[in-house]
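Everything on this sheet refers to the single structure shown next.
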Amino acid sequence: MSTLQKILIALGAGILFFGFIILSTISSSYNTMITYDEEVKTAFSNVENQYQRRSDLIPSLVATVKGAANFEKDTLTAVIEARAKATSTNVNINDATAFQAFQQNQAGLQSALSKLMVVVEQYPELKANQNFRDLQLDISRTENRIATERGRFNETTKIYNTFIRRFPNNFIASWFAFDSAQLFKTTEEAKTVPTIDFNK
């Protein structure tokens, strides 16, 4: 075997070795991205489930409140409209504009519900209504679950976003169209929501 043949064989072996390393790196990163991406989607699905639970409670709440004499119709209308807006918004966790619109509509519903609860304080017969008190408690628990699931979603998303931005993962993410997911942020509506004491 000539020296040239030995060099070519060594060179070929080296190329195969480095090719295998590169392919293994790409494969490992891609599979990890798939795993993190699925975890983000699952975490967001859990958030959506809690938003849906809150939305499902509203018709019963509105029906109960409507029974109160002279109850402010504008307040009820605001809740109904906010619910319709929140449930009609399409969301894409990789699209900043769509995600922001979704978050604002959910915050608008939370704000409308909180204002409704403040107005209820003026109606002793509603506060004494057991069905209404049960609904208050369910909504309060659901709001807590929403906050918990949003926190979990943000943690999961942070891990995913950090992973796809690191070198060389950023190139692999770009090749396979893995986009950053959006995070839930505190909105102005959420900052000004009145505090409700459900134990009154």
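Throughout, read-outs are computed from the coordinates displayed, never taken from laboratory work. It should be emphasised that the depicted structure is a prediction, and the values quoted were computed from it without experimental measurement. Note: ideal-geometry Cβ built from the backbone for every residue, glycine included; neighbour counts use all protein chains shown.
Ranking GLY19, ASN105, ASN31 by Cα position along the charge dipole of the chain, where only Lys, Arg, Asp and Glu carry charges on their C-beta atoms, puts GLY19 farthest toward the positive end. For the pair PHE17 and ASP134 in one chain, pulling the backbone fully straight at 0.36 nm per residue adds 35.5 nm over the alpha carbon distance.
Quick one: of LYS66/LYS185; LYS73/LYS127; LYS85/LYS185; LYS66/LYS127; LYS85/LYS158; LYS127/LYS185, which pairs are farther than 25 Å apart, Cα to Cα?
Values: LYS66/LYS185 34 Å; LYS73/LYS127 18 Å; LYS85/LYS185 19 Å; LYS66/LYS127 13 Å; LYS85/LYS158 28 Å; LYS127/LYS185 33 Å.
Violating the 25 Å Cα-Cα cut-off are LYS66/LYS185; LYS85/LYS158; LYS127/LYS185.
Classify the stretch 95-157 from the C-alpha gyration tensor, please: rounded if a/c falls under 1.5, else prolate or oblate depending on whether a/b exceeds b/c. Since a/c reaches 1.5 but b/c is at least a/b, the shape of the stretch 95-157 is classed as oblate. The HN-Hα couplings worked out from phi for the stretch 177-183 by the Karplus form 6.51 cos²θ - 1.76 cosθ + 1.60 (θ = phi - 60°) are 6, 8, 9, 4, 9, 7, 10 Hz, whole numbers, x standing for Gly and Pro.
Against the main long axis of the alpha-carbon atoms of the chain, helix 3-66 sits at an angle near 10°.
Ordering ALA84, ALA96, SER180 by the projection of their Cα atoms onto the charge dipole of the stretch 3-191, which places +1 on the Cβ of Lys and Arg and -1 on the Cβ of Asp and Glu, puts SER180 at the extreme positive end. Computed over the chain with a Gaussian network model linking Cα atoms closer than 10 Å, the most mobile of GLY19, GLY151, GLY67 is GLY19.
Across the chain, Cα-Cα pairs more than 28 Å apart make up 46 percent of the total.
Here the dipole of the chain is about 340 debye; that uses its Cα centre as origin and unit charges on the Cβ of Lys and Arg (positive) and Asp and Glu (negative).
Put simply, the C-alpha atoms of the stretch 1-105 give a gyration tensor, and the ellipsoid matching it has half-axes of 63, 12, 6 Å, longest first.
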